[in-house]
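Take a look at the structure set out below.
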Amino acid sequence: AKHLEGLGQDEAAAHHYELAGTHKKDVPRLLVQRRRFGDLQAYVSRQRDRELTRWLGQYALSQGNTELADKLFREARAALDLTRLLCVRGDFKAAYQIVMGSGDVAAAVHLARQLELQDRPKDAINLLEKASRFGEAVRIAKAAGMETELMTMALRAPPVAQREAARHFQDHGQVNKAVQLLRRAGDLGAAMALCFEGN
């Protein structure tokens, strides 16, 4: 395949890369080097391979072709890539639909972070709750000073996040909540010490 590529016999080289099992990497590289973007699109389309289609979407995006990237990400069912693209466009409603339709946790976390940056912590927390990412939800609720949401999410979060929320409540004089979370996290000694300390 490399020999044929060196001779400029691209189709024959592509065939031999396929035989060698390296076509997903080598054929796109070859066609990009030759600036044969139309042929690259046709090749990827013929392959019907999600990984290749997603790669082509990322390549199209790197070249500034967002419309093609959008189409290819949808074809490849690449929820995270599509969510990122929609967030860059500011189309959070469409991104939300993609996240909910795909159930992709990484896409949900990405969208939640973007919503947080847009000063929409409640929406971010709701999304993270649906994705069962309670630790992330605890962080956002704490940063936004949303104590009701903080307690609700902390009760369902992993022990590390429960301890973090307990420290927050302890620092803010809400000993009952801190004790409840420490007990839930399995830190009975710390919970008892806090009870005695707070009478």
Efficiency of FRET between residue 7 and residue 77 - r from beta-carbon atoms, R0 35 angstrom, step 0.05: 0.40
Dipole of the chain, positive direction: furthest Cα of 189, 1, 148, with charges on the beta-carbon: 1
Surface per residue (accessible, 1.4 Å probe) for the range 36-102, Å²: 56 Å²
Sequence ranges 112-118, 133-139, 144-150, ranked by mean other-Cβ count within 10 angstrom, highest first: 133-139, 112-118, 144-150
Spherically averaged projected area in nm², based on the convex hull that wraps the Cα atoms of the range 25-124: 6.5 nm²
Anisotropy class of the chain from Cα gyration tensor, a/c 1.5 cut: prolate
Gyration tensor verdict on the range 122-199 (Cα atoms; rounded if a/c is under 1.5, prolate if a/b is larger than b/c, oblate otherwise): prolate
Assigned charges on the beta-carbon of Lys, Arg, Asp, Glu; the chain dipole about Cα centre (debye): 140 debye
Distance between the range 59-126 and the range 132-199 - C-alpha centres, whole angstrom: 31 Å
Added length on full extension, which subtracts the Cα-Cα distance from 0.36 nm per residue, residue 62 to residue 42: 5.3 nm
Packing-based ranking, highest mean first, of 152-159, 65-72, 46-53 given that Cβ atoms within 10 Å are counted: 152-159, 65-72, 46-53
Portion, in percent, of the accessible area of the chain that falls on carbon or sulfur, probe 1.4 Å: 50 percent
Helix 23-33 vs. the chain, principal-axis angle (Cα, 0 to 90°, nearest 10): 70 degrees
Entries of 93/142; 122/142; 2/24; 142/177; 71/122 with Cα pairs more than 19 Å apart: 93/142; 71/122
Computed magnitude of the charge dipole of the range 10-128 (debye, nearest 20; Cβ of K, R +1, Cβ of D, E -1): 40 debye
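The values are calculated or read from the model by the stated rules, or taken from the named source; none is laboratory data. Predicted model, so just to flag it, every value in this text is computed and none were measured. Note that we place each Cβ from the backbone using ideal geometry, even for glycine, and neighbour counts take in every protein chain shown. For accessibility, only protein heavy atoms count, side chains too; no ligands or nucleic acids. Shrake-Rupley method; radii C 1.70, N 1.55, O 1.52, S 1.80 Å.
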